[in-house]
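One structure is given here, and the rest of the page talks about it.
Just so it is clear, none of the values below were taken in a lab; they were calculated from the coordinates. Remember, it's a predicted structure, so these values are computed and weren't measured experimentally. Cβ placement follows ideal geometry from the backbone for every residue including glycine, while neighbour counts extend to all protein chains displayed.
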């Protein structure tokens with residue numbers, strides 16, 4: 001089983017999508033790969049690329065300190081198990097264990113943090129978009145100042 005962990009400054013990042021990078025750990029607690037976090041890219045495309053990265057690396061578990069409810073919902077929809085940890089220390093062998101006592105399972109999107117930024121962007125006509133529901137040409141995904149919200153258009 002592969003566990004993905006968001007990392008910033010060699011510690012578990014305080015927020016899932018804002019991490020500098022992700023490490024992928026196998027069952028034996030060994031780091032099998034390390035990738036820069038694509039969600040750091042501006043706009044909604046970065047978060048979509050993060051989901052793609054997790055799928056490509058066959059991540060079946062996520063261990064994080066904090067995560068937004070929308071991202072948590074997307075991970076749960078992909079049948080990825082998500083766990084919350086209250087410490088920032090990276091103990092790879094502990095994180096790889098399914099029975100780690102410091103891990104709290106997150107099983108409902110409501111357990112994630114609400115995003116004030118999402119609601120603000122949505123109300124101002126900004127990028128609260130879902131590119132899967134509409135074709136590119138039909139999607140009005142622009143900021144109020146006329147700038148495009150993501151690299152999709």
* **Within the range 1-34, backbone nitrogen closer than 18 Å to the virtual label 7 Å beyond the Cα of residue 93 toward Cβ** => 1, 3, 25-32
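Can you tell me the length gained on complete extension of the stretch residue 102 to residue 60, counting 0.36 nm per residue apart and subtracting the Cα distance? Could the numbers behind the result be given before it?
Working: separation 42, 0.36 × 42 = 15.12 nm, distance 1.83 nm.
Value of the extension gain: 13.3 nm.
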* To do: Write down Rg/Rh for the range 2-111, rounded to two decimals, with Rg from the C-alpha atoms and Rh from the Kirkwood relation over Cα pairs.
  => 0.92
